Each structure stands twice: as structure tokens, then as C-alpha cells.
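Let me begin by presenting the structure, written as C-alpha cells, before commenting on it.
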Amino acid sequence: MKFGIIIAMEEEAQPLINKLKLRKEENLYFKLYKNEDIFLIISGIGLSASELAAGYLAFVLECDVLYNIGTCGTTGNMFNHNEIVSIDKVYKRDFNLVPAGYMQFEVPNVGQYIQLPSNNNFRIASCYSSDEFITKKSIVPDNVLVEMEAYSIAYVAFIKKIPCYIYKIVSDFTKDNVNDNSHKNNVDASSVKLADIIYKFIK
């Protein structure tokens, strides 16, 4: 079994790299860390970057399962700071073919969202991905997670027909994240906590 892990930022990835004792691999295209059966790519931020990383893991390295972990924002007031959440549905928030007769968020041949396996040991939630940092002025449903990578990773797994597990940890809130440093200030502690949990699933 080969595990592929995509994490957007170095500071989000380092605690898990340390716990899994992954070594850096020379690679022309990605920041790739590995051991015998675990491959971790630091993709960079955004849907395009994460899709390239997930595609490399799934189609080139032929990983059997994909994981995406990282920090996220949230709307509404359901979630707590530093709470780990298991994603069961992921939407491409900025995808709109409504004028062409599709439903909001519906991607042709995929649907309105991608369904993922979830973990009942954590709160389960929907996630909305886009290349926009969501603020309190953005139009997003209440009590969902918002971030910039999950949909692309889920899409690659959907096409390859392999499992994809996405865990996010809440680091900032839309009511707070306009012109402030909430995400930056919380990312280190959040990433350590998330690495401790994910380590148990993979090892």
C-alpha cells in the first residue's frame, strides 16, 4: 500500500515529516519527502498546485490512497479553534455553469460535490475550495470549512478511482480574518496537533 499526502505549506507539513521520519527526495518538479511506502508533497497554495501534486502521486508514483491535511477557515459558529474535522463532501466554490443549465457548483461528469470517506471519530463537515481567501464579505454557506486545495485533490482521486481522506484543522474564522494575522499565528500549533492524529492513521 502506497500512501500519498499533499500539504500546501512547509510549516503545515514539517511536524508530520518529522514524525514519519521522511527524507527529502531530489525531484525536478516538487518538494517531495518519502520513505518506503509514504510519499508527501508540499504542493504550494491553490487549486492548480494541489492538482498537479495529487496527479503526480496518483498517476506517476501510483499511490493507492491520497490524504490531504492542513489548516482551514470556517464560516458560522459551529466549529472551534484548533478542532480537527473530517471532510465528507468537497465543493468547487468558484465553479458556476448555471447559465449553461447546470446547478450551482455542478462540475460536468462529476456532480455538485465529490463524496469522500469520512471518520466518525471527528466532526464531519462539507468543505468549499477556491483560489480566494474567504472573508466575512464572501458569499459562502454558514458552518462549512473553506480552503484552497481540497477539491483538486479529491478530483484526482475521483478520476483515478482511489480513496481520498481529507482532514482539516480550524485555524481562523471568517469574522476575524479580514486584514489580520489569525491564520499565520495559529498555523504552527494547529499543524503539530494534526500531525499527531494523522500519524496514527498511516503508521
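The values are calculated or read from the model by the stated rules, or taken from the named source; none is laboratory data. Model, not experiment: these values are computed from the prediction. Positions of Cβ are generated from backbone atoms using ideal geometry, with glycine treated the same way; all protein chains shown enter the neighbour counts. Quick note on the areas: whole protein, heavy atoms, side chains included, nothing else; ligands and nucleic acids left out. Shrake-Rupley method; radii C 1.70, N 1.55, O 1.52, S 1.80 Å.
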(message) Within 10 Å of each candidate Cβ there may be at most 14 other Cβ atoms; applying that plus a DSSP loop requirement, which GluC sites (Glu not before Pro) in the range 8-49 survive?
(response) Glu26, Glu36
(request) Mind listing the long-range amide H neighbours of Lys31? Cut-off is under 5 Å, sequence gap 5 or more, other chains count too, H placed in the peptide plane at 1.01 Å from N. (result) Ile42
(message) Expected output is a single nm value to one decimal: the length gained when fully extending between Asp64 and Met103, i.e. 0.36 nm times separation in residues minus the C-alpha distance. What is it?
(response) 10.9 nm
(request) For the chain, return all DSSP H helices satisfying: extent of Cα atoms along own axis at least 24 Å; mean Kyte-Doolittle hydropathy at least -0.5. (result) 182-202
(message) What distance in nm lies between label points placed 7 Å from Cα along the C-beta direction at Arg23 and Asn96?
(response) 5.0 nm
(request) Find, among the trypsin sites (Lys or Arg not before Pro) in the range 1-43, those assigned to loop by DSSP (not H, G, I, E, B) with at most 11 other beta-carbon atoms within 10 angstrom. (result) Lys21
(message) For the pairs Lys24/Lys193; Lys24/Lys92; Lys19/Lys92, flag any whose C-alpha to C-alpha distance is greater than 30 Å.
(response) Lys24/Lys92; Lys19/Lys92
(request) Name the residues whose placed amide hydrogens come within less than 5 Å of the amide hydrogen of Cys63, ignoring near sequence neighbours (fewer than 5 apart) on the same chain. (result) Ala58
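Classify the chain: rounded, prolate or oblate, from the alpha-carbon gyration tensor (a ≥ b ≥ c, eigenvalue square roots; a/c under 1.5 rounded; otherwise prolate if a/b is larger than b/c)?
Oblate is the answer for the chain, as a/c is 1.5 or above yet b/c matches or exceeds a/b.
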(request) Sort the range 29-112 into rounded, prolate or oblate with this rule: let a ≥ b ≥ c be the square roots of the eigenvalues of the Cα gyration tensor; rounded if a/c is under 1.5, and if a/c is not under 1.5, prolate when a/b is larger than b/c, oblate otherwise. (result) oblate
(request) Quickly work out the Ile45-to-Lys31 label distance, labels modelled 7 Å from Cα along the C-beta direction, and quote it in nm with one decimal. (result) 1.3 nm
(request) Could you check how much of the accessible area of the chain is carbon and sulfur, as a whole percent, using a 1.4 Å probe? (result) 49 percent
(request) Please figure out what share of the DSSP beta bridges in the range 1-147 is antiparallel and state it in percent, rounded to the nearest 5. (result) 40 percent
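How much length, in nm to one decimal, is gained on full extension between Asp142 and Met78, taken as 0.36 nm per residue of separation minus their Cα-Cα distance?
Separation in residues times 0.36 nm, less the Cα-Cα distance, equals 22.2 nm.
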(request) Provide the gained length on full extension for the span Asn120 to Asp196, in nm with one decimal, where the gain is 0.36 nm per separating residue minus the Cα-Cα distance. (result) 25.6 nm
